[in-house]
Amino acid sequence: MFDVAIIGGGVIGCATAYKLSKYNLNVCVLEKENDVAMGATRANSAIIHAGYDPEPDTIMARLNVDGVKQAKELAKILNVAYKNIGSMVLAFSEEERETVKKLYERGNKNGVPGLEILEKDEILKREPNVSENVVCALWAPSASVINPWEYALAFAEVAAVNGTKFIFDFEVKDIKKTDDYYKIISDGKEINAKYIVNAAGVYSDKIHNMVAKPTFNIIASKGQYYLMDKAEGSKANCTLFQCPSSVGKGVLVSPTVHGNLIVGPDATNSDVKDKVNTTGDQLEFVRLTAAKSVPDINYRNSIRNFAGMRANTDRDDFIIEVASEHFIDLAGIKSPGLSAAPAIADEAVMLLEKEGLYLTEKDNYTLNREHIVFKELSNEKKQAVIKENNLYGRVICRCETITEGEIVDAIHSPIPAKTVDGVKRRCNAGMGRCQGGFCGPKVLEIIARELNISPLEILKDKNGSNILANKTKGEK
């Protein structure tokens with residue numbers, strides 16, 4: 001019997017697990033995929049938004065600003081890649097200048113620090129690659145970029161160290177309420193829990209409807225992106241937005257924490273919530289739209305296209321509320337959900353306590369994480385690490401300078417990497433220019449060796465994505 005079952009292993013579910021893990025509770029996270037951070041958490045803009053966009057006096061506005069403050073500190077103690085680079089909302093007409101003014105006023109009401117409206121000369125001084133057609137911009141110094149899947153993984157790893165159980169390949173098919181607890185049912189499996197936190201992303205309406213009457217609908221919206229090689233990374237020094245519209249914050253151009261450039265997304269509603277393919281037409285739309293901000297991006301330096309699903313709803317705010325007795329919804333967590341994640345988790349803990357969950361802190365727990373990034377160490381520290389473990393002296397991923405020691409650490413981490421992409425998300429092996437073309441086979445060999453399994457069993461990513469097949473003689 002678990003005290004709390006969290007349904008969904010994205011950044012919201014993992015942040016909630018992290019916040020709960022310091023209490024004397026028996027907590028589990030139920031995830032339908034084979035790893036955490038497999039949905040919107042791994043396919044988004046990776047922006048910590050400053051907080052000027054949400055309407056004042058909304059849950060979204062309050063938690064966005066709080067989440068920004070927490071993210072800066074959490075990135076340090078969790079050892080997560082994070083850069084405070086600021087952002088600009090660019091205006092290209094006097095009409096759009098009025099939008100910038102409204103965002104400035106809204107941001108001040110929301111408590112966003114340091115907002116300024118910059119004129120053309122100052123913008124081009126800071127961002128020489130921005131279009132000469134720019135008129136003015138809203139500057140938000142508190143905006144940042146982060147590694148979003150590492151953020152979720154860090155929350156999950158610390159929660160696991162503190163005793164949280166992560167149960168993968170558990171797709172919730174039904175929930176039944178008894179007098180004292182919930183029965184959470186999957187294929188041939190059942191978990192019992194006194195409280196449930198619904199953090200199921202684009203499927204949060206489906207999970208809600210298993211317990212309570214429908215009160216919202218998820219409208220999945222697909223966004224497509226370009227990830228550019230580091231050769232394009234200097235095209236923007238901060239995150240560059242265009243003025244927002246009814247469908248979102250628009251196409252952005254931004255550096256990433258690893259020195260690449262990300263361009264996107266578009267926004268198209270989708271009835272198929274797991275279909276995250278990219279399309280030529282929409283990627284062309286992204287290119288043409290981004291050119292309004294930064295005209296000379298060389299798309300020959302694109303190293304990957306990807307798409308993600310946003311959990312938009314028919315309600316204008318985050319849905320953070322008690323849906324039924326001992327059942328909490330964390331739903332409709334679209335942008336700025338990543339920015340607000342730790343603050344949303346705090347809200348969940350508060351609601352659980354109001355519902356009767358008894359919270360007492362453990363005598364011993366940890367809230368920080370050690371994580372070796374070999375290439376960022378000083379030469380002296382590199383020598384010390386290699387002396388202790390010679391696997392750190394063997395570079396496997398040449399593009400990103402990732403060592404065998406880091407890959408082995410990922411495989412034996414508190415939330416172990418069992419797939420090639422699982423390794424990629426934990427230590428960046430395969431994230432560079434060749435996208436694993438060189439190091440992928442070696443990563444597969446290391447996984448097979450460390451887990452003592454056949455290479456035929458190893459997946460690239462989700463279940464069914466086996467890399468190797470065993471063909472019989474004469475089979476084509």
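The values are calculated or read from the model by the stated rules, or taken from the named source; none is laboratory data. Because the structure is a prediction, the values reported are computed rather than measured. A quick note on method: Cβ atoms are made from the backbone with ideal geometry, for glycine too, and the neighbour counts reach across all protein chains shown. Each accessible area value is taken on the protein alone, full model and side chains, heavy atoms only, with ligands, DNA and RNA left out. Shrake-Rupley method; radii C 1.70, N 1.55, O 1.52, S 1.80 Å.
Points to keep in mind about this one:
- Charged neighbours of Arg126, selected by a Cβ distance under 12 Å, balance to -3 (K, R count +1; D, E count -1).
- The convex hull defined by the C-alpha atoms of the chain has an orientation-averaged projected area of 24.7 nm².
- DSSP beta bridges fully contained in the chain are about 75 percent antiparallel.
- Within the shell defined by Cβ-Cβ distances under 9 Å, the residues around Phe2 carry a net charge of +1, with Lys and Arg each +1 and Asp and Glu each -1.
- Percentage relative contact order, the range 356-440, counting C-alpha pairs under 8 Å, at least six apart: 22 percent
- For the range 342-476, a crude dipole built from +1 on the beta carbon of Lys and Arg and -1 on the beta carbon of Asp and Glu, taken about the Cα centre, is about 960 debye to the nearest 20.
- Cysteines (scope the chain) whose Cβ has no counterpart Cys Cβ under 4.7 Å: Cys14, Cys28, Cys136, Cys238, Cys243, Cys399, Cys427, Cys434
- Whole-number accessible area per residue in Å² for the range 116-241, which is evaluated in the context of all protein chains at 1.4 Å: 38 Å²
- 11 Å beta-carbon shell around Arg42, net charge (K/R +1, D/E -1): -3
- Alpha-carbon gyration tensor eigenvalues x 5, square-rooted, for the range 193-345, Å: 34, 16, 13
- For the range 91-150 and the range 10-40, distance of Cα centres in Å: 34 Å
- Accessible surface, per residue, of the range 1-112 when the full set of protein chains is kept, probe 1.4 Å, Å²: 36 Å²
- Across all directions, the average flat footprint of the convex hull enclosing the Cα atoms of the range 342-397 is 7.2 nm².
- Value of relative contact order over the range 1-102, rounded to a whole percent, pairs C-alpha under 8 Å and six or more apart: 18 percent
- Rh (Kirkwood; distinct C-alpha pairs) - the range 17-139, Å: 17.2 Å
- Note on Asp317 and Asp281: their simple-model spin labels are 3.7 nm apart, each label 7 Å out from Cα toward Cβ.
- Prolate/oblate/rounded call for the range 292-382, Cα gyration tensor, a/c under 1.5 rounded: oblate
- Residue among Ile77, Val89, Gly114 farthest towards the positive dipole end of the range 72-127, charges placed on Cβ: Ile77
- Considering only alpha-carbon pairs that sit under 8 angstrom and 6 or more positions apart, the relative contact order computed for the range 422-472 is 20 percent.
- Direction-averaged projected area, Cα convex hull, the range 108-187: 11.5 nm², rounded to one decimal.
- Protein-only accessible surface order, largest first, of Cys14, Cys243, Cys434 at 1.4 Å: Cys434, Cys243, Cys14
- On the chain, 47 percent of the accessible area sits on carbon and sulfur atoms, based on a 1.4 Å probe.
- Residue pairs exceeding 21 angstrom between C-alpha atoms, taken from Lys69/Lys109; Lys125/Lys235; Lys183/Lys213; Lys173/Lys418; Lys177/Lys206: Lys173/Lys418.
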